[in-house]
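Here the structure is laid out as structure tokens; the discussion comes afterwards.
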Amino acid sequence: MNVLSIQNIAKTVDDRPLFTEVTLGLDAGEKVGIVGRNGAGKTTFLKVLRGLVHQDEGTIAMAGGSNMVTLEQNVTYSPSATIRDFLYESDHPSTRLLCEYHEALESGDERLSQRLQAEIDSLDLWNLENDFKTYLTRFGMKYDINHEMKTLSGGELKKVAIARMFTLRPTIMLLDEPTNHLDIRTIELLEKDLQNSSAAVIIVTHDRYILNSVCTTIWELDGGRFYRHPGNYEAYLERRAERIQMLQKEQDRLASILRRELVWLARGPQARTGKDKNRKERIETMLSQVRNVQDARQTSFSSLERRLGKKILDLKHVSRSFDGRTLFEDFSYSFKKGDRIGVVADNGMGKSTLLDIVAGVIEPDSGMIDRGVNTHIAYYDQLGRTLPMDKSALDFLEDISSRVLFCGGEISAERLLELFGFSRAKMRTLMSVYSGGERRRVYLISRLMENPNFLILDEPTNDLDIPTMENLEEYIASFPGCCLIVSHDRAFLNCTCTSLFVIQDGKVLDIPTTYAQWKEGADARPRDQATPKTDTAQRPRREQKGLTFKEHREFETIEDEIEEMEQEKVRLEAGFTDIGETADGTLAQRTRRYEELVRLIDEKTERYFVLAEKAQS
């Protein structure tokens, strides 16, 4: 049964069509995930469905007896509202009915109150407030229902809004980035409740776990058009690849015809006949149709390596409390090159505080931080505190540097913004009118332009679209320095982090596994509690002088191997000015190979000196 019917709707904002000719249907119980780039119009589409923004054309119809509840990105409430007030501020038939009943009692209208009481009985709404309290407790809210909303954190506000949404028992739920500001435990509860709900759901989210485990259909918004993909996110990726491949085949066919036609055109036909004139017109039409239909992922990016010293950063017996409560105490750790560590804990347990301490933004209550002289930290925090709203993105970044060191070469700040999906018009617009995702992309670029060797990321996926997240994952995978990451995005943690700091019960546990392995319970012991290797008595070996036969063969060839790698390294460096795909691969592939060569040359050179010294002994 169709509970929501969308017929031929369109919406244009600032003379730019966001979507046109959209015809879709939502079945009862269907779970739909909407995917698309930042600024494509996903949030506007939800507002159109909700009736907060009017479409330019087309119709939207909801089945009789249906009711809709929206979970918006930013929770809104009246200035003096309590948590209880927030429940009744919803424009929903159930809460309106209860409010009308209480008003009828206060006014003494017995006839009206009896009629409303019978209606409340039939809908079983007397326990609505108790249901609300149950959901609040489930999501970890410990405040009384009369607690003021304005004192709550962003994550707590989102929990209250989610609790209200489920309490109202809607037949249709619209959710816009529901996981922002939530901790992983709450996200997992939300995921289960959405799976178990009988309501039809339309959700805009960058959380690939939810898109894959909850959604039964994907609506892709691309180039102003919606594409419907049956199945979960994994199935969508497969079908999308097929669609792009089909489009590319059509473009290849056009390009092949064009090559022949352009040869004809180069001969300089006089176009005296109607046939020749029509041929020229056909060529012009095909030229306008040929376009690049490669997957819409942004070009991969990375920054030039700044070498780390032997000492990177040491935390020594670090402790920190907040408001009389110990967040963590007596934590020590020495960062090593290549560390990619995710920080996991519930909201309010000290994740961002730990990052602030490592970054040097705040001091620990006790203990010390010993940073190496060559360690350069770039801190991507949640606040975006350095963005001037009275400047454009281009002006802001050019104030940092007009030219950017980029994978062994230089590109302009303007070109870097283009790689992150900014049009030339957009990058010259004041950042005060940017969306949250656009501002965070600018902030991310500004951090990477600092050429760090120690990267600290606090919730980097908030408001980022999935293509940008995937590029960030690729960047971190090839980053030669250290990464310390707080994220509620489980897929992002699995793709980027090889170990975890888990904060619980006032301790920071160093867990040497990925997030998925930790959740499964595989080797979940802290690193310093792992079973030590048993020393076995070995017979002392007689020291051998000179090279063995195998070492002699190695010594004869190692110089040539180093020379070959040096030549390949020089070739890659020369090609870094070309950000497109070359014979040596994509920019990301060439970057990874370059970093591998640097490591191998260092290792081979060190081995050469060891063999040379041994050969002389």
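The values are calculated or read from the model by the stated rules, or taken from the named source; none is laboratory data. Everything quoted here is computed from the prediction, not taken from an experiment. All Cβ positions, even for glycine, are placed from backbone atoms using ideal geometry, and neighbour counts span all protein chains on display. Note: accessible area is taken over every heavy atom of the protein model, side chains too, but ligands, DNA and RNA are not part of it. Shrake-Rupley method; radii C 1.70, N 1.55, O 1.52, S 1.80 Å.
Things to note:
- Subset of segment 453-467 that is in a loop (DSSP other than H, G, I, E, B) and touching a Ser or Thr at 6+ places or on another chain (Cβ under 7 Å) - its residue that is surrounded by the most Cβ atoms within 10 Å (Cβ to Cβ): Pro460
- Residue match in segment 468-485 (condition: open to solvent by less than 30 Å² (accessible area, probe 1.4 Å), β-branched (Val, Ile, Thr) and farther than 28 Å from Val570 by Cβ): yes
- Residue match in segment 374-385 (condition: surrounded by fewer than 20 Cβ atoms within 10 Å (Cβ to Cβ), within 23 Å of the chain's Cα centre (by Cα) and among the polar types (S, T, N, Q)): yes
- Residues in segment 330-347 that are assigned to a loop (DSSP other than H, G, I, E, B), open to solvent by 50 Å² or more (accessible area, probe 1.4 Å) and out of contact with any helix residue (DSSP H, G or I) (no Cβ under 6 Å at 6 or more places or on another chain): Lys336, Lys337.
- Reported count of residues in segment 578-608, each being out of contact with any Cys (no Cβ under 9 Å at 6 or more places or on another chain), open to solvent by 40 Å² or more (accessible area, probe 1.4 Å) and either at pLDDT below 75 or among the hydroxyl-bearing types (Ser, Thr, Tyr) (or both), is 5.
To keep it simple, each residue is scored yes or no on (1) closer than 27 Å to Asn232 by Cα; (2) surrounded by fewer than 17 Cβ atoms within 10 Å (Cβ to Cβ).
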| position | (1), (2) |
| --- | --- |
| Gln7 | yes, yes |
| Pro17 | no, yes |
| Leu26 | yes, no |
| Lys31 | yes, no |
| Gly39 | yes, no |
| Val48 | yes, no |
| Leu52 | no, yes |
| Pro79 | no, yes |
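- Looking at segment 1-49, the strands (runs of 3 or more DSSP E) lying wholly inside it that each contain 1 or more residues that are under 20 Å from Ala199 (Cα atoms) and more than 27 Å from the chain's Cα centre (by Cα) sit at 2-13, 16-27.
- Residue within segment 118-135 that is among the hydrophobic types (A, V, I, L, M, F, W, C) and under 25 Å from Asn74 (Cα atoms) present: yes
- Scope segment 225-242; condition open to solvent by 80 Å² or more (accessible area, probe 1.4 Å) and in contact (Cβ under 8 Å) with a residue 12 or more places away in the chain; matching residues: Arg225, Arg228, Glu234
- The listed residue being open to solvent by 20 Å² or more (accessible area, probe 1.4 Å), closer than 22 Å to Lys316 by Cβ and part of a helix (DSSP H, G or I), out of Asp370, Asp395, Asp399, Asp356: Asp356
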